[in-house]
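The values are calculated or read from the model by the stated rules, or taken from the named source; none is laboratory data. Computed from a predicted structure; not experimentally measured. All Cβ positions, glycine included, derive from the backbone under ideal geometry; neighbour counts span all protein chains shown.
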């Protein structure tokens, strides 16, 4: 870990923290929520050892990257713009791309908007959901899951203060170590109701890992990350011109079978009955890992390292 270099780069009007290691063809890693560049530590060290240059930024609003105050500064255009500007600042034309959770969503958008910058994509946990012109995403989620669904809750301005009322370390542990594939539900009185049992750190994580992530979230809060969720409907409006567009880069998709995202209604059918392949014509492989949860790249680092390496060496 001490060999990972850190620097700040001005991109798209914000100051972005970037971690990197290695020399060679570039693999860009895009993290999710509630994560940081740190989620990719295992992959970065492995990929660098194989002759690649691993780059993992903190996305805007996360960790040591600047957090613009306006919720509307977190659209797909802003986040993809940050990443394209990062590539430009580093003099990089095309890169391999790896995403997880929100990072997977952003990676789909990056491939949709700028396929010319991507050699191949390995995406984890979140499938590509093509734009449905007949219904806004949050309306659909509220209809299916109700007001307590976490994405619906995060629409409420001030919800970050609710998270701030509880212990950050226990809060992150309740996300990271969850082994139940049900959709996350948050009551209106979240802080009052938040009383998780004492957590046990699993073998694939350490106290040092938890301390690092908690220190960053304790320092920055959750407003920036929540603004990604608050842009779901705005992204839907802004991306009307891409209705019906497909992902036209080579893709490998990996998910755990007890990941809540894999167990959302219709997702398995979408994957197994050809809808996913139709939307992503160059989808070469779907891997469903048994007994694996949402934070797949940390829970099964060796397997994910190999999945990434085996795929990108084809291109």
**Message:** I need a count of the residues in the stretch 149-175 that are touching a helix residue (DSSP H, G or I) at 6+ places or on another chain (Cβ under 7 Å) and either outside any loop (DSSP other than H, G, I, E, B) or in contact (Cβ under 8 Å) with a residue 60 or more places away in the chain (or both).
**Reply:** 15
**Item:** Residues of the stretch 29-49 satisfying the condition of being buried (at least 20 other Cβ atoms within 10 Å of the Cβ), without any contact (Cβ under 8 Å) to a residue 60 or more places away in the chain and over 13 Å from residue 212 (Cβ atoms)
**Value:** 44
**Message:** One residue is enough: does the stretch 221-235 have a residue meeting the conditions surrounded by fewer than 18 Cβ atoms within 10 Å (Cβ to Cβ), over 19 Å from residue 141 (Cβ atoms) and either touching a strand residue (DSSP E or B) at 6+ places or on another chain (Cβ under 6 Å) or in contact (Cβ under 8 Å) with a residue 60 or more places away in the chain (or both)?
**Reply:** yes
**Fill in**
Inside the stretch 4-31, the number of residues satisfying the requirement of being in a loop (DSSP other than H, G, I, E, B) and touching a strand residue (DSSP E or B) at 6+ places or on another chain (Cβ under 9 Å) is 6
**Cβ-Cβ under 8 Å pairs, at least 6 apart or on other chains, the stretch 188-214 side part of a helix (DSSP H, G or I), far side surrounded by fewer than 16 Cβ atoms within 10 Å (Cβ to Cβ)** = 191/165; 193/187; 207/201; 210/201
**Test: residue in the stretch 32-48 that is more than 20 Å from residue 123 (Cβ to Cβ) and either touching a strand residue (DSSP E or B) at 6+ places or on another chain (Cβ under 9 Å) or assigned to a helix (DSSP H, G or I) (or both)** = yes
**Prompt:** Exactly one of (1) buried (at least 16 other Cβ atoms within 10 Å of the Cβ); (2) touching a helix residue (DSSP H, G or I) at 6+ places or on another chain (Cβ under 7 Å) is unmet by residue 191. Its number?
**Reply:** (1)
**Request:** Check residue 1 against each of (1) outside any loop (DSSP other than H, G, I, E, B); (2) modelled with pLDDT under 95 and name the one condition it does not meet.
**Result:** (1)
**Item:** Sole exception among (1) over 16 Å from residue 305 (Cβ atoms); (2) more than 15 Å from the chain's Cα centre (by Cα); (3) modelled with pLDDT of 95 or more for residue 103, by number
**Value:** (2)
**Prompt:** Among the residues of the stretch 123-148, which ones are farther than 17 Å from residue 281 by Cβ and within 12 Å of the chain's Cα centre (by Cα)?
**Reply:** 124, 125, 126
